[in-house]
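Q: First the structure, then my questions, so here it is.
The values are calculated or read from the model by the stated rules, or taken from the named source; none is laboratory data. What you see is a predicted model, and the numbers here were worked out from it, not measured in a lab. When we count neighbours, we look across all protein chains shown, and the Cβ atoms used for this are built from the backbone with ideal geometry, even at glycine.
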Amino acid sequence: MAGSAPYPKGNPRWLLAELTYACPLQCPYCSNPIDYTSHNGELSTEEWKRVFSEARAMGAVQLGLSGGEPLTRPDLEELVQHARELGYYSNLISSGYGLTEERILNLKAAGLDHIQISIQAPEKTLNNYLAGTDSYERKKAVAHLIKQHGYPMVLCVVIHRQNIHLMREILEMAIELGADYLELANTQYYGWAHLNRAQLMPTREQFETAEAIAQDYKLRLKGRMKIYYVVPDFYEDRPKACMNGWGTTFLTIAPDGLALPCHEARILPGLNCPNVREVSVRDIWEHSEAFNRFRHFDWMREPCRSCPEKVKDFGGCRCQAYLLTGDMNATDPVCSLSPQRDKVHQAIAEARQASESAEVQPLIFRNSRNSKVLGASSQA
Amino acid sequence: MVPSFDSQLPLAFSPLHRLQWEETQQKHVILYPEGMVELNVPAAEILMLCDGARTLDGIVEELERKFETRGLHDDILGLIESALDNGWIRTVSQG
């Protein structure tokens, strides 16, 4: 039996709609699956509308319109309008690249609540290198347009070893652009970031220096800009309460209609995720094997099983456990109590070695060619 | 309690947030980029009166009339202060 504290129960509050895997950028830390090119057949406008309606009826209220790059969907405005009519708070999670003033106006008229754009680095050369696209000037222009048209603007900057030394410049850029929120997202090592981990993971010293700068700005900017600081959990002693607990809050729908308890879960072997083309959202949430797979404490082994903290962190992240140990039922190795904590130490050591090496390994960029080559080899 | 803001100015709900009733949760919520705050009944009553016309005194007067009671000033001020601090509402300059 599990311990005495019950596993939290709830309906979805957050619907993450990954509208497409298409993207003009090639960021080497993209969270999309490596083999994204093999998942074809995007949901149609009508199918997305049905999914929005079904999830809203269950109480979902935050809607993330994401991807890939959601702007590549010509029906984005129509989907936003449907979401607004249903009462969602809609968040467009975009690179900003490809966003025109005309579209900003049309999305506003359709009822879009907020736009998040990402900038890869606070200077042109590095930004364009990391994005794999000449996009820096355009992104900055778009940031100004977003503010000009009265949207709350979230600027997201993914932090890693290639840009962490520019933390101060990143914060100054966010001030200059008038961001209402700045998300400083330390890279989480899934998808393409897992592949490029040795080239992306900062050293502990780099991380601590950057965090001190961010915390200092956070205090100084109180009331002007909210700073969300996403910690890099490899340098923590306890794992994150991933997804606020499996199947409690978050529902992700992938471009091809696969319903996922978290946006990385499609990598977990044998999870058998359902598809919204075949099953209703309510059925998926309540009855599917995938959403019930970790929605309790019974799957846990020691040291999680008897740990009093399991009600706080739910054993950490299943995808991270799988990526680091090959076993999705293992304790997240980020936990200092994990018998496989050495996997984390090893990853940190590899990254440090790579950072000190004279021979620089190239980053593997997220694009269709790499996806086809690497996706095929990972399935072989 | 003395307000830390200019209480002669009307209070308005922030255009960067949304206050709405959630049927499935049977409560009011504040929605903002990637986040949500669930409100209890008194907080929702107060925030719904931040309409860009009423001042602190106007809100106190309205709620004391509605609930046929007195002495709500300090509780309401406390909530208004924290709502201002969170950016849910703002004072509106006249003119």
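Q: Restricting to segment B:47-71, name every residue that is charged (D, E, K, R) and closer than 20 Å to B:V2 by Cβ.
A: B:R54, B:D57, B:E61, B:E64, B:R70
Q: Would you tally the residues in segment A:1-16 being surrounded by 21 or more Cβ atoms within 10 Å (Cβ to Cβ) and more than 14 Å from chain B (Cβ to nearest Cβ)?
A: The qualifying residues number 0.
Q: Given the criterion modelled with pLDDT of 95 or more, among the β-branched types (V, I, T), within 25 Å of A:H263 (Cβ to Cβ) and outside any loop (DSSP other than H, G, I, E, B), identify the matching residue among A:V344, A:V334.
A: Sole residue among the options that is modelled with pLDDT of 95 or more, among the β-branched types (V, I, T), within 25 Å of A:H263 (Cβ to Cβ) and outside any loop (DSSP other than H, G, I, E, B): A:V344.
Q: Of the residues in segment A:115-146, how many are of a type in the set (A, V, I, L, M, F, W, C), over 20 Å from the mean Cα position of the chain (by Cα) and more than 23 Å from A:L76 (Cβ to Cβ)?
A: Of the residues in that region, 1 qualify.
Q: Name the residues in segment A:300-331 that are within 23 Å of the chain's Cα centre (by Cα), farther than 26 Å from A:L200 by Cα and assigned to a loop (DSSP other than H, G, I, E, B), would you?
A: A:F314, A:N329
Q: Shifting gears a bit: Tell me which of these A:F291 doesn't satisfy, since it passes every other one: (1) in a helix (DSSP H, G or I); (2) in contact with a Lys or Arg (Cβ under 9 Å, 6 or more places away or on another chain).
A: Looking at each condition in turn, A:F291 falls short on (2).
Q: Taking segment A:35-78 only, how many residues are touching a Ser or Thr at 6+ places or on another chain (Cβ under 6 Å), among the aliphatic types (A, V, I, L, M) and away from chain B (no Cβ under 14 Å)?
A: 1
Q: Of the conditions (1) under 25 Å from A:M153 (Cα atoms); (2) at pLDDT 95 or above; (3) among the aliphatic types (A, V, I, L, M), B:V92 satisfies every one except a single condition; which number is it?
A: Against the list (1) under 25 Å from A:M153 (Cα atoms); (2) at pLDDT 95 or above; (3) among the aliphatic types (A, V, I, L, M), B:V92 comes up short only on (2).
Q: Does A:E172 qualify as being farther than 30 Å from B:W88 by Cα and out of contact with any helix residue (DSSP H, G or I) (no Cβ under 7 Å at 6 or more places or on another chain)?
A: Details: farther than 30 Å from B:W88 by Cα: no; out of contact with any helix residue (DSSP H, G or I) (no Cβ under 7 Å at 6 or more places or on another chain): yes.
Spelling it out, it is not the case that A:E172 is farther than 30 Å from B:W88 by Cα and out of contact with any helix residue (DSSP H, G or I) (no Cβ under 7 Å at 6 or more places or on another chain).
Q: In addition: Can you confirm whether B:T69 is among the polar types (S, T, N, Q) and over 11 Å from the mean Cα position of the chain (by Cα)?
A: yes
Q: Kindly list, by first and then second residue, each pair from a residue in segment A:170-191 that is in contact (Cβ under 8 Å) with a residue 12 or more places away in the chain to a residue that is of a type in the set (K, R), limited to pairs with Cβ atoms under 6 Å and residues at least 6 apart or on different chains.
A: Taking only residues 6 or more apart or on different chains, the pairs are A:G178/A:K147; A:Y181/A:K226; A:Y189/A:R197.
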